[in-house]
Amino acid sequence: MPNLTRTLALIKPDAFERRLTGKIVDAALDAGLTIVAMKSVNLNRAQAEAFYAVHRERPFFDSLVAFMTSGTIVAMVLEGGTAVPAWRDAMGATDPADAAPGTIRRRFAESIERNCCHGSDSDANAAIEIGCFFSGEELLR
Ligand code: CMP
């Protein structure tokens, strides 16, 4: 059995409210990733601030937190041989204007903030981010 890695994927409020969840889940499956865990969540302000703490000093931080608490999101743990880059490739660049054709953000995103989805940027951050949404018990396989 090959070594499997995991990443945290979020479907953001802009995509959830436009009923794009199924299409984004399909994109993850089409990328060869397996869903280990999945739930819908409404973040409160403290949770969103903690999740995006690394961006606290950025000019877009308050707006990002307001957006991420504005509606329901879907959190998923995705698994694959190289889950972090596989999901990032499926999402495309942060700014949809720079995202490659066929990627989720190029297909669906409205702006750099309302960009449909999130993915961890390293295996170490994936472990931290997964812990923000899922207990160890929810991740047993
Ligand atoms: P995400 O992958 O969730 O990580 C941080 C988020 O901040 C990013 O996606 C965007 O939604 C948002 N973001 C990054 N850069 C900017 C920016 N320049 N202006 C507004 N939002 C941004």
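The values are calculated or read from the model by the stated rules, or taken from the named source; none is laboratory data. Since the model is a prediction, treat every value here as computed from it, not as a measurement. Neighbour counts are summed over all protein chains in view; Cβ atoms, including those assigned to glycine, are modelled from backbone coordinates with ideal geometry. Ligands, DNA and RNA are stripped out before the accessible areas are found, and what is left, the full protein with its side chains, is counted by its heavy atoms. Shrake-Rupley method; radii C 1.70, N 1.55, O 1.52, S 1.80 Å.
Values for this structure:
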{"read-out": "Principal axis dimensions, the stretch 55-141 - Cα atoms, whole angstrom, descending", "value": "37, 30, 24"}
{"read-out": "Highest-fluctuation residue, Ala15, Ala99, Ala83 considered, GNM on the chain with Cα pairs under 10 Å", "value": "Ala99"}
{"read-out": "In order through the stretch 122-133: 3J(HN,Hα) via Karplus (6.51 cos²θ - 1.76 cosθ + 1.60), integer Hz, x for Gly, Pro", "value": "7, 4, 5, 5, 4, 4, 5, 5, 4, x, 6, 10"}
{"read-out": "Kirkwood Rh, angstrom, the stretch 21-78 [1 / mean 1/r, Cα pairs]", "value": "12.8 Å"}
{"read-out": "Label-point separation, Ala100 to Arg19 (7 Å along Cα→Cβ), nm", "value": "3.1 nm"}
{"read-out": "Amide H partners (placed H, <5 Å) of Ser120, local residues excluded", "value": "Leu8"}
{"read-out": "Under the Karplus curve 6.51 cos²θ - 1.76 cosθ + 1.60, θ = phi - 60°, whole-Hz ³J(HN,Hα) for the stretch 23-40, x wherever Gly or Pro sits", "value": "5, 6, 4, 4, 5, 5, 5, 5, 7, x, 8, 10, 7, 8, 7, 7, 8, 9"}
{"read-out": "Estimated dipole of the chain in Debye, rounded to 20 [Cβ of Lys and Arg +1, of Asp and Glu -1, Cα centre]", "value": "280 debye"}
{"read-out": "Nitroxide proxy distance, nm - points 7 Å out along Cα→Cβ at Glu113 and Glu138", "value": "2.7 nm"}
{"read-out": "Apportionment of accessible area to carbon and sulfur, the chain, percent (1.4 Å)", "value": "51 percent"}
